[in-house]
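I have placed the structure first, in the form of structure tokens, so that the comments after it can refer back to it.
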Amino acid sequence: MFKKTIFLLLILFHFTVSSQEQISLISWNIRDFGKTKNSEELDRMAEILRDADIVAIQEVVSGYGGAQAVAKLADNLNRKGAKWDYVISNPTNSPKYVTERYAFIWKTKNIKIKNRGALISQLDSLVDREPFFLDFYINGRKLSVINFHSRPHDKNPEREILAITDYLKSDDFQHPIILAGDFNVDQKEEVFIGLRTQGYNATVIDAKTTLKQGCATDGYLKYPIDNIFYSNKIVFKSGYVIDFVKACENITSARELSDHLPVLLNFSIKELSE
């Protein structure tokens, strides 16, 4: 009886440690992500992303070249010591010249999926680019990640954020949720009060994520509009913007990859009893 009790405690301890293992997620708007990206640029991106567990990408070209660029990026990541898989959304149901795809790339060792995700059709009429939704299973625990790219700041992205906020009020979202992307609105604005009321928090605060065309007296960073919001079922460990520019003289080379910087969230999933 004593040995059986010890055995059960060891199993419980293993489950607790596994489920609280730190996970890292990167969200990145990679501008015009398609055939314009060459092999050298894709390898530079892979170096930036290689230590993440899950990557959410916005602004994948909907036409020729977008899916191929994601596949090549995943292949570059596979060459750096870990096995990765990826999914690409269908093109969003959007006005002309606004249509894009989304992508997820993830390490397969401890992260599984049961389907290939879907665009959120319920939001189709309320946003220009409906978000892409995918369920991940990390050591058996379900984590849903919503990948979103809002309309530009001068076209009322706040209306889209409110629509997503209402969507997340559903009783279906009682498990850990992450909303990642380019919101074209600073997280400190009133439009995010609804998300916070539901228990969501922003990963970065007052952190600029877009790049200027060149350097100015106040540097090369512009707007704080990219972020990762996480639900109260998630334990925040750390979060920051990955500044791969580092110095003004690198701004031209950096903009070859994107005019946005990636945002990283380190987290674990709460125990059911917490």
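The values are calculated or read from the model by the stated rules, or taken from the named source; none is laboratory data. Values in this document were obtained by computation on a predicted structure and should not be read as measured data. Cβ sites come from the backbone with ideal geometry, for glycine too, and all protein chains shown count toward neighbours. Surface accessibility is based on the protein's heavy atoms, side chains included, excluding ligands, DNA and RNA. Shrake-Rupley method; radii C 1.70, N 1.55, O 1.52, S 1.80 Å.
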Criterion: in contact with a Leu (Cβ under 6 Å, 6 or more places away or on another chain), aliphatic (A, V, I, L, M), buried (at least 21 other Cβ atoms within 10 Å of the Cβ) and within 25 Å of ASP124 (Cβ to Cβ) - qualifying residue of ILE164, ILE228, ILE178: ILE228
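Listed here are the residues, each with its yes/no results for (1) modelled with pLDDT under 95; (2) assigned to a strand (DSSP E or B); (3) open to solvent by less than 60 Å² (accessible area, probe 1.4 Å); (4) closer than 22 Å to ARG31 by Cβ.
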position	(1), (2), (3), (4)
ALA69	no, no, yes, yes
LEU73	no, no, yes, yes
PRO95	yes, no, no, yes
PHE104	no, yes, yes, yes
GLN122	no, no, no, no
PHE133	no, yes, yes, no
Residues of the range 226-274 classified as outside any strand (DSSP E or B) and closer than 23 Å to GLU47 by Cβ, total: 20
Residues (without any contact (Cβ under 8 Å) to a residue 24 or more places away in the chain, outside any helix (DSSP H, G or I) and on the phi < 0 side of the Ramachandran plot) located in the range 189-209: ILE205
